[in-house]
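Nothing in this text is a laboratory measurement; each read-out follows from the coordinates by a stated rule. Treat the numbers as computed from the prediction; the structure is a model and nothing was measured. Positions of Cβ are generated from backbone atoms using ideal geometry, with glycine treated the same way; all protein chains shown enter the neighbour counts.
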Amino acid sequence: MNLSNSKPLLLAIGLIAIITACDQNKIYDTYVDLEDSIWHQDTLTRYNFSIEDATLAYDISYNIRYADVYPYYNIYVKYYLEDSTSAIIQSELQEIILFDKKSGTPLGDGLGGIFDRQVLIFDNFKFPADGNYTFKIKQFMRTENLPGIMSFGLRIDKPEEDN
């Protein structure tokens with residue numbers, strides 16, 4: 001085997017190992033794409049997931065992909081956390097800042113006019129029991145069609161283990 005031909009393969013394997021090692025605490029990470037980058041007021045994004053160990057405290061984050069043409073510096077969302085019987089066990093209105101209030105600079109990582117922002121919304125959240133849950137989220141901006149939001153996601157991480 002020619003060693004110079006295997007360098008790209010070894011590099012790819014190394015990168016995959018690094019990426020997966022950094023994300024080993026992730027138990028759920030899903031985006032919902034919004035049609036035509038418009039979040040309609042009556043559109044609920046839904047995320048179905050399982051919690052296998054309710055004795056642990058979890059970190060829950062929103063992942064927002066948005067365009068620099070989004071017309072506001074913030075977005076209000078309301079979430080509904082439901083258990084396996086569809087009973088709402090928690091609900092709250094939340095504000096997420098997408099642009100710096102003074103400079104107007106988009107927050108998060110971006111390229112061109114598209115930005116990704118991950119926002120921790122719950123640190124050490126305890127679910128009431130093991131089982132299936134649904135997280136539903138809707139925009140609460142008092143406008144029927146909210147342009148510039150391309151996708152909205154939910155990420156749940158297990159706590160980091162102490163070494």
| query | Applying the selection to the range 22-38, what residues are closer than 21 Å to Tyr76 by Cβ and touching a Lys or Arg at 6+ places or on another chain (Cβ under 8 Å)? | reply | Tyr31, Val32
| Scanning the range 104-160 for residues that are surrounded by fewer than 13 Cβ atoms within 10 Å (Cβ to Cβ) and without any contact (Cβ under 8 Å) to a residue 24 or more places away in the chain, which turns out farthest from Ala67 (Cα to Cα)? | Arg142
| task | Look through the range 84-103, keep the residues that are assigned to a strand (DSSP E or B) and touching a residue at least 24 places away in the same chain (Cβ under 8 Å), and return whichever of them is farthest from the chain's Cα centre (by Cα). | result | Ile89
| message | Condition first: in contact (Cβ under 8 Å) with a residue 60 or more places away in the chain, surrounded by 16 or more Cβ atoms within 10 Å (Cβ to Cβ) and among the acidic types (Asp, Glu). Now tell me which residues in the range 32-83 satisfy that. | response | Asp59
